[in-house]
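*Asks:* This structure is in structure tokens; I'll ask about it shortly.
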Amino acid sequence: MAAIDKDEVILNSREVALLLDVSPDAVNELARRSLLPAFKKGRQWRFRRGDVISYKRQFRGFNAAA
């Protein structure tokens with residue numbers, strides 16, 4: 001069995017909210033606006049961990065510049 005790259009782990013909105021320190025509703029809004037890469041599984045948003053980490057790095061860099 002192949003090892004799973006931890007950046008390919010799929011997260012739900014609640015798990016992403018914990019990583020980004022925002023509410024799950026805010027995470028869903030970022031997904032709806034295509035600001036955070038996501039895809040839908042049924043009616044719920046799903047996120048790749050690597051995409052969330054990249055977003056967090058960009059956001060931190062943006063805040064540092066402000």
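Values in this text are rule-based calculations from the coordinates and carry no lab data. Keep in mind it's a predicted model, so treat the numbers as computed, not measured. Here Cβ is always computed from backbone atoms with ideal geometry, including for glycine, and neighbour counts include all displayed protein chains.
*Asks:* Asp7: net charge of surrounding residues, Cβ under 15 Å, Lys/Arg +1, Asp/Glu -1, itself excluded? Don't jump to the answer; show the numbers that get you there.
*Replies:* On the way: positive: Lys6, Arg46, Arg48, Arg49, Lys56, Arg57; negative: Asp5, Glu8, Glu15, Asp51.
Its environment carries a net charge of +2.
*Asks:* Specify whether the C-alpha gyration tensor of the range 10-65 places it in the rounded, prolate or oblate class, a ≥ b ≥ c being the square roots of the eigenvalues: rounded for a/c under 1.5, otherwise prolate if a/b is larger than b/c and oblate if not. Write down the numbers at each step before the final one.
*Replies:* Details: a/c = 1.83, a/b = 1.79, b/c = 1.03.
Prolate, because a/c is 1.5 or more and a/b exceeds b/c.
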